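Let me begin by presenting the structure, written as structure tokens, before commenting on it.
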Amino acid sequence: MWSSDEDVEEQKKRLEREIAKRVKRGEIFEVLPAPEGQKKLCTTFWGQAWCRNLESYQVYESRLPRGRSYLRQGKVYNLEITPGKLSAVVAGSELYDASISIAPLPDHQWLEIVQSSAGQVHSILDLLSGKLGDGLMKVLIDPQDGLFPKPKEIRFNCSCPDYADMCKHVSAILYGVGVILDRQPELLFTLRGVDQAELLSEASSRTLDDLDPGNELGAADLSALFGIDLGELPSVELSAPAQVKQKASSKKVTTKKLAEKKEPDSKLPTET
């Protein structure tokens, strides 16, 4: 519907008044920043993979573009990602409270992903930065068995009068998730109810099994294994434990000497 500049300006002022009222009641309003114009909405593996997954479903294609536009205009506030749920306030003609429920990843599906990651994920940093092999990437983004939700696992709720299953306000939230995953990719695992550290367990255990238990791990080995620079860690003073050990040793010697002094008493005749 066509709107004059005066209508747009009045709508903007009305939204500002509504936000001011909510802030006065103690609510916090934080706009989700997103690139404007033709710039890429997402730039990392996780953010782009999330958006591509959404756009791969025909059931969403007619509603997604308007939601992306809302996000770029700075109309999404207070977007939160928690286990199985997305929530935000989206500005339209009014302020609308919207939420999206996402089913947890099925246990068998997660187990298959974990098994497929064996030997391919070497650190949390590599995982979250998307430095993964092509094979594991295909597993994670698989439309049927991957980490990203399918339409049947997603349910929408919005206070707007649009009775469509997917209104532009919830679609703006979905795109907003991609922007957040650019900065905090670990929240995807939180949303699906799984622990990303489990993807490291297989690789870590195999690495440890390959090491000779008779050899001590050097700083270089630990740095490579855990992805940290041990050279930056502060040194730890070990003199106190050494003194404790020495005291314990001298105590044993003293006890032994006392036993030797008492040995003649053992030759006294016993009672009958």
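Computed from the coordinates by the stated procedures, all read-outs in this text should not be read as laboratory data. Computed from a predicted model, the values in this text were never measured in an experiment. Here Cβ is always computed from backbone atoms with ideal geometry, including for glycine, and neighbour counts include all displayed protein chains.
Here are a few things to note about the model shown:
- Once both labels are positioned 7 Å from their Cα atoms along Cα-to-Cβ, the gap between Asp165 and Glu80 label points is 2.7 nm.
- FRET efficiency estimate (nearest 0.05) - Cβ-Cβ, Ser101 to Arg66, R0 22 angstrom: 0.55
- When each of the peptides 158-165, 172-179, 62-69 is scored by how many other beta carbons lie within 10 Å of its residues on average, the order from highest to lowest is 172-179, 62-69, 158-165.
- Ranked by the mean number of other Cβ atoms within 10 Å per residue, highest first, peptides 23-33, 190-200, 38-48 order as 190-200, 38-48, 23-33.
- Rounded FRET efficiency, nearest 0.05, which uses the C-beta distance separating Gln58 from Asp7 and R0 of 41 Å: 0.75
- The magnitude of the dipole of region 65-196, with charges of +1 and -1 set on the Cβ of Lys/Arg and Asp/Glu and taken from the Cα centre, is near 460 debye.
- Distance between the pseudo-spin-label points of Glu94 and Asp134 (7 Å out from Cα toward the beta carbon): 5.3 nm.
- Normalised by the number of residues in region 31-203, the average gap of Cα pairs under 8 Å and 6 or more apart makes the relative contact order 36 percent.
- When the C-alpha to C-alpha distance is required to be over 25 Å, the pairs from Lys39/Lys75; Lys85/Lys152; Lys21/Lys75; Lys13/Lys40; Lys13/Lys39; Lys13/Lys75 that qualify are Lys13/Lys40; Lys13/Lys39.
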